[in-house]
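**Student:** To start, I am sharing the structure in question, which I have written as structure tokens.
The values are calculated or read from the model by the stated rules, or taken from the named source; none is laboratory data. Quick caveat, the model's predicted, so the values are computed rather than measured. Quick reminder, even Gly has a Cβ in these numbers, built from the backbone with ideal geometry, and neighbours come from all protein chains shown. The accessibility values were calculated without ligands, DNA or RNA, using every heavy atom of the protein model including side chains. Shrake-Rupley method; radii C 1.70, N 1.55, O 1.52, S 1.80 Å.
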Amino acid sequence: MPDGGTGAATGRHDGSGETEEERADRRWQELLQEIRVAQTGVQILLGFLLTVVFTPLFHDLEQTDKTIYLVTVVLGSLATGALIGPVSFHRIVSGRRVKPQAVVWASRLTFTGILLLLATLTAALFLILRVATHDPYVPWLVSGVLAWYLICWFALPLWVRTHYADRS
């Protein structure tokens with residue numbers, strides 16, 4: 001380090017050997033990788049949803065199904081906005097020496113996008129199964145899939161975080 005290892009020239013050290021700026025850079029790169037995965041999925045899903053309205057069978061749907069479809073499209077659009085938001089956020093604040101704050105806000109947008117993606121996937125699955133089967137068990141099946149998403153996306157990571165995180 002050019003400052004003799006004190007961290008004075010590059011910012012404070014946080015005890016992990018990283019300065020605040022180095023940590024922000026690392027966290028930004030990690031966040032970008034996470035966004036790439038979620039963003040691709042939500043964009044493909046939204047693209048598919050946007051085409052449904054132009055199919056001949058759409059006009060034969062019951063009004064309830066059309067309403068579910070519209071809610072699903074809006075949720076998908078909101079998820080897309082939240083997951084693309086961090087890229088725009090970074091572009092606008094880049095070079096302004098606010099990377100640690102930008103990472104926090106971009107992370108919040110990403111988490112919001114994940115929640116909206118969860119709602120979009122659940123609504124889309126509900127609509128598809130409802131139209132395809134007219135089965136009274138559809139809400140139960142969708143609830144089971146939603147529970148699986150919640151376990152995979154939130155419960156398991158939170159469990160690992162509380163049981164294995166360094167307590168120092």
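**Student:** Just want to confirm a number: the relative contact order over segment 38-154, from Cα pairs under 8 angstrom separated by 6+ residues, in percent.
**Tutor:** Across segment 38-154, relative contact order equals 28 percent.
**Student:** Calculate for the chain the 222 nm mean residue ellipticity that helices alone would give, adding -39,500 (n - 2.57) per DSSP H run of length 4 or more and normalising by residue count, nearest 500 deg cm²/dmol.
**Tutor:** The per-residue figure over the chain is -25500 deg cm²/dmol.
**Student:** Considering the values [x] 12.7; [y] 17.2; [z] 14.7, which represents mean projected area of the Cα convex hull in nm² as calculated for the structure under consideration?
**Tutor:** Matching entry in [x] 12.7; [y] 17.2; [z] 14.7: [x].
**Student:** Assuming a ≥ b ≥ c are the square roots of the Cα gyration tensor eigenvalues, decide whether segment 90-168 counts as rounded (a/c under 1.5), prolate (otherwise, with a/b larger than b/c) or oblate.
**Tutor:** Oblate is the answer for segment 90-168, as a/c is 1.5 or above yet b/c matches or exceeds a/b.
**Student:** For TRP140 and THR162, FRET efficiency with R0 = 41 Å and r from the beta-carbon atoms, rounded to 0.05?
**Tutor:** Efficiency, rounded to the nearest 0.05: 0.85.
**Student:** Something else about it: Out of the total accessible area of the chain (probe 1.4 Å, heavy atoms of protein only), what percent is carbon and sulfur?
**Tutor:** Of all accessible area on the chain, carbon and sulfur atoms account for 66 percent.
**Student:** Something else now. May I ask you to list the residues of segment 54-73 whose amide nitrogen lies under 19 Å from a point 7 Å from Cα along the Cα→beta-carbon direction of ILE128?
**Tutor:** It comes to 54-59, 61-62, 65-73, nothing else.
**Student:** Fully extended, how many nm does the chain gain between LYS66 and LEU150 (0.36 nm per residue separation, minus their Cα-Cα distance)?
**Tutor:** Numbers: separation 84, 0.36 × 84 = 30.24 nm, distance 2.64 nm.
Working it through step by step, the gained length comes to 27.6 nm.
**Student:** Hey, what's the chain come to in accessible area per residue, 1.4 Å probe, Å²?
**Tutor:** 66 Å²
**Student:** Please give the peptides 116-128, 96-108, 56-68 ranked by average Cβ packing (other Cβ atoms within 10 Å per residue), highest first, as a rough proxy for protection. Write out the running numbers ahead of the final one.
**Tutor:** Values: 116-128: 20.5, 96-108: 15.6, 56-68: 11.6.
So the peptides 116-128, 96-108, 56-68, ranked by packing, come out 116-128, 96-108, 56-68.
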